[in-house]
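**Student:** Below is a structure I'd like to ask you about.
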Amino acid sequence: QFEDLDNTGLDLFNRSNEYESESFSQEFRLASAGDNQVDWMVGAFYYEDDFEVRNRIITGTDTVPVFTGFLTVPGDYPNENQQFVEREGWAVFADFAWHINDQLTLNIGGRYSYDEDTQYWKNTYASFACGTREVVGGVPAPLAPACELRPDQTGPLPVYESGGSLYVTGGRMAQRLFTENDTDGNDFSPRIALNWKPNEDHSFFATISQGYRPAGVRVAPDSDLLGPNEQLGLAVPVDTRSEFDKEKVTNYELGWKGYLNNRRTRVEFSIFRIDWEDMQVRLGRFICRLADGTPVDASSSASAGCVGGVTPDNRVDNADEARSQGAELSVQTLLGNNFELAGAVGYMDAEFKDYDSPDGDLSGKDLTNAPELTVALSGQYNWSLGSGNGYIRLESNFRKGVWTRQGDILASNDFPLKSDDFTVVNLRAGYSWEQHRVALSVINLLEEDYILGIETFAPSAVVLPHPRTFSLN
């Protein structure tokens, strides 16, 4: 992958990545057969995932210190590293279905899991920590402590002009502190469900279940918090590693599925509530450090006392409590013999209940990417022509605006940090005969100007709209 990191028309920062991954998993199940008063199933599961990325950020030809504010020149590698992630785990599980009578079934089950997460980095270097070297009288200033030139920088170094001064590369600094971390943990998640089917047209259910995401770690030795003094043992280093706890979720759901109108109409309705403990949330921010080495948020008032530049601090945090509750209704019906009409509406109240985040107190604030209201409507006409069948379908989807990034929830302005409400209309048509099928789609038929996310690595924010799109298959 080669990526334009700065999202501008200038050649400032690019990222080159090479990825390699390998995954193995195996599950065994043993289940009862035939008609039984109690049906059962037991099983075991094992997985192993290995992931490696070779990462390099490359300073582009338009980068000069005066323009960007970063101490780097074209051809520098602000970050170089090899990152390794190894995850392994196993689980045993069982489920029992007690058929109390022909209409009522009780399910009880559970799953015990164990997970390990290990991360380590190799060949990790950072050029930002070395800065640039001014050239005076044709002689570059010496390298900063703990800095060295790359093996490929053996010849005369290119000289760049910036603000009336001449510069060459400041080299790179090996990052050897806090390069590995690991954690493990276990979980037991039960499930109980009751299903009542009074007749062939109606079914009612109630479920209480639990699930989890395993605990994990993050390693980030390329942080500017580990400068030359720390690398040389002249100052107490700031541990840039982070760990996050297991996320536990409890789900409650009541629902009904049924046929009406002589089985020409199908209705599904459910209400739900989801409670999270230690919800895992991604944090993306920039930090700097005070004279004593204490890291602070670069956008906070405390950053006025920072020395040196800023550095990204991307990590996973745990929110103490969060909750999502709401209801969903969907209806599908057949009008005449050829026309299908469908509609669905979803309401959701999703918020942090208790979370004093590094960005501020988010208790009572909305969760990201959790729209309060969604509505979908569609109509499809089917017909027969010759030996084939055709259809034309018009669909409309509405979604209320959401916050897309954790750090924007407390922002004073909404758009574009919070997406607007939008409605997208799509048109689809197709015809199939024998072993052939042709389909035409027009996505965003009315050219609604909507966005789903925002990118702000660049000096200015970049929003990604969705144009009208045609496809023929």
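The values are calculated or read from the model by the stated rules, or taken from the named source; none is laboratory data. This one's a predicted model, so the numbers in the text were calculated from it and none came from an experiment. With ideal geometry, Cβ positions are generated from the backbone for all residues, glycine too; neighbour counts draw on all protein chains shown. Surface accessibility is based on the protein's heavy atoms, side chains included, excluding ligands, DNA and RNA. Shrake-Rupley method; radii C 1.70, N 1.55, O 1.52, S 1.80 Å.
**Student:** Which one of these is among the β-branched types (Val, Ile, Thr), surrounded by 15 or more Cβ atoms within 10 Å (Cβ to Cβ) and touching a Leu at 6+ places or on another chain (Cβ under 7 Å): THR59, THR63?
**Tutor:** Working: THR59 fails: touching a Leu at 6+ places or on another chain (Cβ under 7 Å).
Exactly one residue qualifies, and that residue is THR63.
**Student:** Do any residues in segment 210-221 that are over 19 Å from ASN314 (Cβ atoms) have Cβ atoms under 8 Å from those of residues that are part of a strand (DSSP E or B) and among the hydrophobic types (A, V, I, L, M, F, W, C), where the two are at least six apart or on different chains, and which pairs are they?
**Tutor:** GLN210/VAL249; GLY211/VAL249; TYR212/VAL249
**Student:** Same structure, new question: Tell me which residues, restricted to segment 380-402, are of a type in the set (S, T, N, Q) and surrounded by 15 or more Cβ atoms within 10 Å (Cβ to Cβ). Don't jump to the end; show me each part of the working.
**Tutor:** Of segment 380-402, the ones of a type in the set (S, T, N, Q) are 380, 382, 384, 387, 389, 396-397.
Matches in segment 380-402: GLN380, SER396, ASN397.
**Student:** Just one of the numbered conditions (1) under 21 Å from the mean Cα position of the chain (by Cα); (2) within 23 Å of SER113 (Cβ to Cβ) is not true of VAL53; which one?
**Tutor:** (2)
**Student:** List pairs: first residue in segment 403-424 and polar (S, T, N, Q) and open to solvent by 20 Å² or more (accessible area, probe 1.4 Å), second residue outside any loop (DSSP other than H, G, I, E, B) and modelled with pLDDT under 75 anywhere in the structure, Cβ distance under 6 angstrom, at least six positions apart or on different chains.
**Tutor:** Qualifying pairs under 6 Å: THR404/GLY453.
**Student:** Here's something else I'd like to know. Can you tell me which residue in segment 82-134 is nearest to the chain's Cα centre (by Cα), limited to those that are farther than 23 Å from PHE13 by Cβ, among the aliphatic types (A, V, I, L, M) and not in a loop (DSSP other than H, G, I, E, B)?
**Tutor:** VAL85
**Student:** Here is a check on your reading of the model: is LEU362 surrounded by 15 or more Cβ atoms within 10 Å (Cβ to Cβ) and touching a helix residue (DSSP H, G or I) at 6+ places or on another chain (Cβ under 9 Å)? Even if it seems obvious, please write down each step before you answer.
**Tutor:** Values: surrounded by 15 or more Cβ atoms within 10 Å (Cβ to Cβ): yes; touching a helix residue (DSSP H, G or I) at 6+ places or on another chain (Cβ under 9 Å): yes.
Spelling it out, LEU362 is indeed surrounded by 15 or more Cβ atoms within 10 Å (Cβ to Cβ) and touching a helix residue (DSSP H, G or I) at 6+ places or on another chain (Cβ under 9 Å).
**Student:** Could you go through segment 331-348 and let me know if any residue there is free of Cβ contacts under 8 Å to residues at least 12 places away in the same chain, β-branched (Val, Ile, Thr) and over 19 Å from ASP245 (Cα atoms). Full working, then the answer.
**Tutor:** Step one: of segment 331-348, the residues free of Cβ contacts under 8 Å to residues at least 12 places away in the same chain are 335-337.
Now narrow it down to the ones that are β-branched (Val, Ile, Thr): none.
Taking every residue of segment 331-348 in turn, none turns out to be free of Cβ contacts under 8 Å to residues at least 12 places away in the same chain, β-branched (Val, Ile, Thr) and over 19 Å from ASP245 (Cα atoms).
**Student:** So which residues in segment 186-202 are open to solvent by 30 Å² or more (accessible area, probe 1.4 Å) and in a strand (DSSP E or B)?
**Tutor:** Going residue by residue through segment 186-202, those that are open to solvent by 30 Å² or more (accessible area, probe 1.4 Å) are 186, 188, 190-192, 194-202.
Scanning segment 186-202 gives ASN186, PHE188, PRO190, ARG191, ILE192, LEU194, ASN195, TRP196, LYS197, PRO198, ASN199, HIS202.
**Student:** Need the failing condition index for GLY343 against (1) farther than 18 Å from VAL402 by Cα; (2) open to solvent by less than 30 Å² (accessible area, probe 1.4 Å); (3) under 26 Å from the mean Cα position of the chain (by Cα), just the number.
**Tutor:** Here GLY343 meets the rest and fails (3).
**Student:** Still on this structure, please answer the following. Quick test of your reading of the structure: LEU377 fulfils all but one of (1) open to solvent by 80 Å² or more (accessible area, probe 1.4 Å); (2) at pLDDT below 95. Name the failing condition by number.
**Tutor:** LEU377 satisfies all of (1) open to solvent by 80 Å² or more (accessible area, probe 1.4 Å); (2) at pLDDT below 95 except (2).
**Student:** Being farther than 29 Å from ALA322 by Cα and in contact with a Ser or Thr (Cβ under 6 Å, 6 or more places away or on another chain) narrows it down to one residue among LYS257, LYS197; which is it? First the steps, then the outcome.
**Tutor:** Numbers: LYS257 fails: farther than 29 Å from ALA322 by Cα.
Matching residue, one of LYS257, LYS197: LYS197.
**Student:** Do you know which of the residues in segment 356-367 that are part of a loop (DSSP other than H, G, I, E, B) and in contact (Cβ under 8 Å) with a residue 60 or more places away in the chain is farthest from LYS400 (Cα to Cα)? Working first, answer last.
**Tutor:** Within segment 356-367, the subset part of a loop (DSSP other than H, G, I, E, B) is 358-359, 362-365, 367.
From the residues that got through so far, the ones that are in contact (Cβ under 8 Å) with a residue 60 or more places away in the chain too are 358-359.
Numbers: PRO358: 27, ASP359: 24 Å.
Once the filter is applied, the top-ranked residue is PRO358.
**Student:** Limited to segment 368-402, what total is found for residues that are part of a strand (DSSP E or B) and either charged (D, E, K, R) or touching a residue at least 12 places away in the same chain (Cβ under 8 Å) (or both)? It would help to see each step written out before you state the result.
**Tutor:** First, the residues of segment 368-402 that are part of a strand (DSSP E or B): 373-385, 388-399.
When the remaining residues are screened for being either charged (D, E, K, R) or touching a residue at least 12 places away in the same chain (Cβ under 8 Å) (or both), the result is 373-383, 385, 388-399.
Total meeting the criteria: 24.
**Student:** Could you count how many residues in segment 289-311 are in a strand (DSSP E or B), touching a residue at least 40 places away in the same chain (Cβ under 8 Å), open to solvent by less than 70 Å² (accessible area, probe 1.4 Å) and not hydroxyl-bearing (Ser, Thr, Tyr)?
**Tutor:** Within segment 289-311, the subset in a strand (DSSP E or B) is 289-290, 295-297, 306-311.
Retained after the next criterion (residues that are touching a residue at least 40 places away in the same chain (Cβ under 8 Å)): 289, 295, 297, 308-311.
Narrowing further to those that are open to solvent by less than 70 Å² (accessible area, probe 1.4 Å): 289, 295, 297, 309-311.
Narrowing the set further to residues that are not hydroxyl-bearing (Ser, Thr, Tyr) leaves 289, 295, 297, 309-310.
Residues meeting the conditions: 5.
**Student:** Kindly indicate which of ALA322, ALA327 is within 30 Å of ARG264 (Cβ to Cβ) and surrounded by 14 or more Cβ atoms within 10 Å (Cβ to Cβ). Can you show your working first?
**Tutor:** On the way: ALA322 fails: within 30 Å of ARG264 (Cβ to Cβ).
ALA327 is the lone residue from the list that is within 30 Å of ARG264 (Cβ to Cβ) and surrounded by 14 or more Cβ atoms within 10 Å (Cβ to Cβ).
**Student:** Then there's this: Report every pair of residues separated by at least 6 positions or lying on different chains whose Cβ atoms are under 6 Å apart, first residue within segment 197-208 and under 16 Å from ARG263 (Cβ atoms), second charged (D, E, K, R) and open to solvent by 50 Å² or more (accessible area, probe 1.4 Å).
**Tutor:** Matching pairs, first to second residue: SER203/LYS197; SER203/LYS257.
**Student:** Going residue by residue through segment 207-229, is there one that turns out to be more than 20 Å from TRP276 (Cβ to Cβ), loosely packed, with under 15 Cβ neighbours inside 10 Å and of a type in the set (A, V, I, L, M, F, W, C)?
**Tutor:** Looking for residues that are more than 20 Å from TRP276 (Cβ to Cβ), loosely packed, with under 15 Cβ neighbours inside 10 Å and of a type in the set (A, V, I, L, M, F, W, C), one finds none in segment 207-229, hence no.
**Student:** Check whether at least one residue in segment 314-328 is among the hydroxyl-bearing types (Ser, Thr, Tyr) and more than 13 Å from MET279 (Cα to Cα), and report yes or no.
**Tutor:** Kept after step one, since they are among the hydroxyl-bearing types (Ser, Thr, Tyr), are these residues of segment 314-328: 324.
So of that shortlist, the ones also more than 13 Å from MET279 (Cα to Cα) come out as none.
Within segment 314-328, not a single residue is among the hydroxyl-bearing types (Ser, Thr, Tyr) and more than 13 Å from MET279 (Cα to Cα).
**Student:** Against the definition (modelled with pLDDT under 95 and either open to solvent by 20 Å² or more (accessible area, probe 1.4 Å) or among the acidic types (Asp, Glu) (or both)), how does ASP102 come out, yes or no? Let's see the steps before the verdict.
**Tutor:** On the way: modelled with pLDDT under 95: yes; either open to solvent by 20 Å² or more (accessible area, probe 1.4 Å) or among the acidic types (Asp, Glu) (or both): yes.
So ASP102 fits the description; yes.
Residue-wise test of (1) open to solvent by 80 Å² or more (accessible area, probe 1.4 Å); (2) among the acidic types (Asp, Glu); (3) not in a loop (DSSP other than H, G, I, E, B).
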{"position": "GLY34", "(1), (2), (3)": "no, no, no"}
{"position": "GLY43", "(1), (2), (3)": "no, no, yes"}
{"position": "ASN55", "(1), (2), (3)": "no, no, yes"}
{"position": "ASP76", "(1), (2), (3)": "no, yes, no"}
{"position": "GLU80", "(1), (2), (3)": "no, yes, yes"}
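**Student:** Next question, about the same structure. Return the residues of segment 234-258 that are open to solvent by less than 70 Å² (accessible area, probe 1.4 Å) and either farther than 26 Å from ARG315 by Cα or not in a loop (DSSP other than H, G, I, E, B) (or both); say none if nothing qualifies.
**Tutor:** Within segment 234-258, SER242, PHE244, GLU247, LYS248, VAL249, THR250, ASN251, GLU253, GLY255, TRP256, GLY258 meet the criteria.
**Student:** Oh, and also: Output the number of the condition that THR132 fails; it satisfies all remaining conditions of (1) free of Cβ contacts under 8 Å to residues at least 40 places away in the same chain; (2) over 30 Å from ASP187 (Cα atoms); (3) not acidic (Asp, Glu).
**Tutor:** Here THR132 meets the rest and fails (1).
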